[in-house]
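Just so it is clear, none of the values below were taken in a lab; they were calculated from the coordinates. Quick caveat, the model's predicted, so the values are computed rather than measured. All Cβ positions, even for glycine, are placed from backbone atoms using ideal geometry, and neighbour counts span all protein chains on display.
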Amino acid sequence: MAMVALQVGQFGNAVGSATLKLLSEAPHRDGALFQSDGKARAVLVDGEAKVVDGILKERGSIFRRENAVVEASGRGNNWALGYHGPRGAGGNALVDRAMEGMRRELEACDAHAGCLVFHSLCGGSGSGVGSRLLEEVRDAIGSRALLYFFFTLVTGPSRSLSLKLSDKRVYEPQIRARLGTTGAR
């Protein structure tokens, strides 16, 4: 069963491309995230071209250039601008083009198990565009087909910056224990 990776924003693209690079180097790749030609089933989305262009330059051998969806304007660290698109644009063209890339990758699969989504919870492209794309993907293929992990940047006073892969049910209590919080809301 095949999966498609959706990488959104600077953070999602950085973490997603690093993950796919590691998986591409595995000795026994099962093909879940890669096609027979070795290219990743991935769509790279960002409001600015800089990060995606860098990924394609460094790791272009595992990504399809036609699945890189970027704009020149950025999202200015603004969730609403990422979610709704620029004012007066009549929609969010970035989301529409990203969904076209997702459809193209999903149609190339014999059978798909779902989507692996990489995005951040802050910023404009990662959070705003990421939230909108999650809704669009859920509507297009159903929520059962989403394998959703979120990545959280954890900081605190006098604590070093650390990155945690968080499946909320499993890892959040460990992160809270490490930070000395109870998790009560």
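So here's what we get for this one:
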item	result
Distance between modelled label sites at ALA18 and ASP30, nm, 7 Å Cα→Cβ extension	2.4 nm
Under 14 Å, Cβ to Cβ, from LYS57 - net charge with Lys/Arg +1 and Asp/Glu -1	+2
Beta bridges by DSSP in the stretch 2-148, antiparallel share as percent, to the nearest 5	5 percent
The stretch 1-126, relative contact order [Cα under 8 Å, separation at least 6], %	40 percent
Evaluated at q = 0.09, 0.14 Å⁻¹: base-10 log I(q)/I(0), Debye formula over Cα of the stretch 2-148	-0.24, -0.59
Amide hydrogen neighbours beyond the local backbone of ARG64, cut-off 5 Å, H modeled	ALA40, ALA42
Cut-off under 5 Å, modelled amide H: who pairs with ALA2 long-range	ALA111, HIS112, ALA113
Label-to-label distance, nm, for residues given as GLU107 and LYS57 (7 Å Cα→Cβ offset)	3.3 nm
